[in-house]
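The values are calculated or read from the model by the stated rules, or taken from the named source; none is laboratory data. Because the structure is a prediction, the values reported are computed rather than measured. Heads up, the Cβs are rebuilt from the backbone with ideal geometry, glycines too, and the neighbour counts pull from every protein chain shown. These area figures cover heavy atoms from the full protein model, side chains too; ligands, DNA and RNA do not enter into them. Shrake-Rupley method; radii C 1.70, N 1.55, O 1.52, S 1.80 Å.
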Amino acid sequence: MSQKNPFRLVAIAFTFLLIGTFLSPIITCGDSSQNPLQLKADGSDKLSPAQTQAVALEDAFQEVFEKSSPSVVSIATERTVALQQHPFSGDPFFDHFFGRPGNGGSGRVRTQKQTGLGSGIVLNEDGYIMTNHHVIKDMDKLTVKFKNQKTFEAKLIGSDETMDIALLKIDAPKSNLKPIPLADSNKVKVGNWAIAIGAPLGFEQSFTVGVVSAVQRGGIDSSGLSYIQTDAAINQGNSGGPLLNIRGEVIGINRMIASQSGGSVGIGFTIPINEARKVAEELKLNGKVTRPWLGVGLDMISEEDVAQLGLKDNKGALVRQIIKGSPADKAGLKLDDVIIEIGGKTIQSPEELINFVRTAKIGKRLEIKIMRNKNEILTSITPAQKPN
């Protein structure tokens, strides 16, 4: 019998030890209680309570997109414009002889197509689409495109420049027409989720999320409308598209942004859906909007006005202009009158007065209370139809 080599025995033992170390997890994998490395299929044992809530919120956002996106459309616009041009157009010397483009000159006339892109929402199964007036203004051709890439030529039913709302109609199968639910925008609060879907800069079906930054934001433009403000990213192409709540309901129609660069900086303004819906309903019935009118130009009351006019505070709407022959003129209103009440409603600002008059009935007399020369005067005024 030969003598065994002790080094060889150590090597063999070490080899078996290594094999056992690598095979142990494999052999015991059938018993999860013996395998601390095994994970559950959904990975849920790795999520903290906060992460679980975050995943639930992700699911909610995805659900909003899946439910709402078939009801959000892109609107491609096109028009043909005539341009008068000569070879040296823009040079004062040649413009003197050949004429300037569009100014009756004798230069060569050419045509050019101008295109644009906006967004819109499906209102009902009859094919009515709501968007902004500025999206479709002066356009010759309107094409509605759905998420499933199907396109339909649209007919303009009516448009209102003041409120910047337009109503279109398409002939499409009902399978393509999924109406989007509308919320009550009077219930919108600061801090609510705000979700935009549209075609910003031409990128269709883009989904952005933010919050409602402010409500009743007035003084933005001459419409007198109080907007919903949001920090959800909206850009050119989002116009006419929806701002949604976390339930996937429309709280407003995106209209504009405040930006020095022209891109989103987190200040966007949305037409409250309650206001937009009223306009769309009237456009559907009449093709236009007739609105009541007082014929006054209004202004906020400054501290200087309070001192000069002997007012108690700066609440009310200051009359800066009166149009001759208007209801305000007939009612005897004067410059520097302060309207503090109309139709039983106390007026805190010009926006409140404008919003009240917007819902008033044409031809129905209203009591109006004004401050003039430190005296309170009660009179009446009858809104008329606003001239075109």
> Between their Cα atoms, which of 330/361; 312/361; 278/330; 147/178; 147/288; 278/334 are more than 21 Å away from each other?
Replying inline: 312/361; 278/330; 147/288; 278/334
> Residues of region 172-211: accessible area per residue at 1.4 Å, in Å²?
Replying inline: 53
>> Is there a quick way to get the dipole size of region 257-360? I mean about its Cα centre, with the Cβ of Lys and Arg at +1 and of Asp and Glu at -1; what is the value in debye to the nearest 20?
In response: 560
> Taking a probe of 1.4 Å, how large is the accessible area per residue of region 214-328, in Å²?
Replying inline: 45
> What are the residues whose amide H is under 5 Å from the amide H of residue 235, where those residues sit 5 or more places off or on another chain and H is modelled from the backbone?
Replying inline: none
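Please list 175-185, 332-342 highest first by mean number of surrounding beta-carbon atoms within 10 Å per residue.
Numbers: 175-185: 16.5, 332-342: 18.2.
So the order, starting with the most tightly packed, is 332-342, 175-185.
So for 207, 146, what's the accessible-area order with a 1.4 Å probe, most first?
Final ranking, largest accessible area leading: 207, 146.
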> Taking the Cα centre of region 168-225 as origin and charging only Cβ (+1 Lys, Arg; -1 Asp, Glu), how large is the dipole, in debye to the nearest 20?
Replying inline: 200
>> At a threshold of 8 angstrom on Cα-Cα distance, excluding pairs fewer than six apart, so keeping six or more, what relative contact order does region 238-298 reach in percent?
In response: 22
> Setting aside same-chain residues fewer than 8 positions from residue 113, which aspartates and glutamates have a Cα under 13 Å from its Cα?
Replying inline: 78, 138, 140
> Which whole-Hz ³J(HN,Hα) couplings does region 339-353 yield from phi under the Karplus relation 6.51 cos²θ - 1.76 cosθ + 1.60, θ = phi - 60°, glycine and proline marked x?
Replying inline: 7, 10, 7, 8, x, x, 9, 5, 9, 9, 7, x, 4, 5, 5
> What are the residues whose amide H is under 5 Å from the amide H of residue 165, where those residues sit 5 or more places off or on another chain and H is modelled from the backbone?
Replying inline: 133, 160
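Please tell me the relative contact order of region 108-153 in percent, rounded to the nearest whole number, where contacts are Cα pairs under 8 Å and at least six residues apart.
Result for region 108-153 is 21 percent.
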> How many percent of the accessible area of region 180-225 is carbon or sulfur, using a 1.4 Å probe?
Replying inline: 52
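Tell me the carbon and sulfur percent of the accessible area for region 290-388, rounded to whole percent, probe radius 1.4 Å.
46
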>> Need the C-alpha centroid separation for region 331-372 versus region 182-239, integer Å.
In response: 29
> Under the Karplus relation 6.51 cos²θ - 1.76 cosθ + 1.60, θ = phi - 60°, what is the ordered set of whole-Hz ³J(HN,Hα) values for region 139-147, x standing for Gly and Pro?
Replying inline: 8, 8, 9, 10, 10, 9, 10, 9, 4
> In debye, nearest 20: dipole of region 161-295 around its Cα centre with unit charges on the Cβ of K, R (+) and D, E (-)?
Replying inline: 300
> Non-local amide H neighbours of residue 142 (under 5 Å, H modeled in plane, Pro and chain starts lacking H): which ones?
Replying inline: 154
> Using θ = phi - 60° and the Karplus curve 6.51 cos²θ - 1.76 cosθ + 1.60, what whole-Hz ³J(HN,Hα) does each residue of region 216-228 get, with Gly and Pro shown as x?
Replying inline: 6, 7, x, x, 7, 8, 6, 5, x, 6, 9, 9, 8
